[in-house]
Amino acid sequence: MKTIHICMGSSCFARENRENLKVIEEYLRTKGLSESVHIEGSLCMGECSKGPNLSINGNPYHEVHSEDLPAILDKELLQL
Ligand code: FES
């Protein structure tokens, strides 16, 4: 199962991960992936200055803005 770790530390959450989480959930719903991709909130990843941070399949992404997410998710989740 693929896993998305999204930083829910206060810095990332305030920056944009609150919005990003909604975008990810919506993306998974639309693509029918809600059952096959696990979203896990993580505590501060120790890289607040590069936030908002998340990682997908162990690949870290920094300064993730909601408009970048569809391309990132396509790349990580739709390609084998
Ligand atoms: S709050 Fe996300 S890295 Fe610190």
Between a residue in the range 3-18 that is farther than 21 Å from LEU77 by Cβ and any residue that is within 8 Å of the ligand (Cβ to nearest atom) and among the β-branched types (Val, Ile, Thr), which pairs come within a Cβ distance under 7 Å, given they are 6 or more apart or on different chains? none
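Could you go through the range 65-80 and let me know if any residue there is polar (S, T, N, Q), modelled with pLDDT of 95 or more and part of a loop (DSSP other than H, G, I, E, B). Break it down into steps so the answer makes sense when it comes.
Step one: of the range 65-80, the residues polar (S, T, N, Q) are 66, 79.
Checking the rest, the ones that are also modelled with pLDDT of 95 or more come to 66.
In the following step, the residues that additionally are part of a loop (DSSP other than H, G, I, E, B) were identified as none.
No, that holds for no residue.
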It is to be established whether one or more residues within the range 40-50 are of a type in the set (Lys, Arg) and out of contact with any Asp or Glu (no Cβ under 7 Å at 6 or more places or on another chain). no
With criteria (1) in contact with a strand residue (DSSP E or B) (Cβ under 7 Å, 6 or more places away or on another chain); (2) more than 15 Å from the ligand (Cβ to nearest atom); (3) in contact (Cβ under 8 Å) with a residue 24 or more places away in the chain, SER66 comes up short on (1)
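Only strands (runs of 3 or more DSSP E) wholly contained in the range 1-62 count here; list those with 3 or more residues that are surrounded by fewer than 19 Cβ atoms within 10 Å (Cβ to Cβ) and within 14 Å of the ligand (Cβ to nearest atom).
Values: elements: 2-7, 37-42, 54-56, 59-61.
Fully inside the range 1-62 and qualifying: 37-42.
The values are calculated or read from the model by the stated rules, or taken from the named source; none is laboratory data. Computed from a predicted model, the values in this text were never measured in an experiment. Neighbour counts are summed over all protein chains in view; Cβ atoms, including those assigned to glycine, are modelled from backbone coordinates with ideal geometry.
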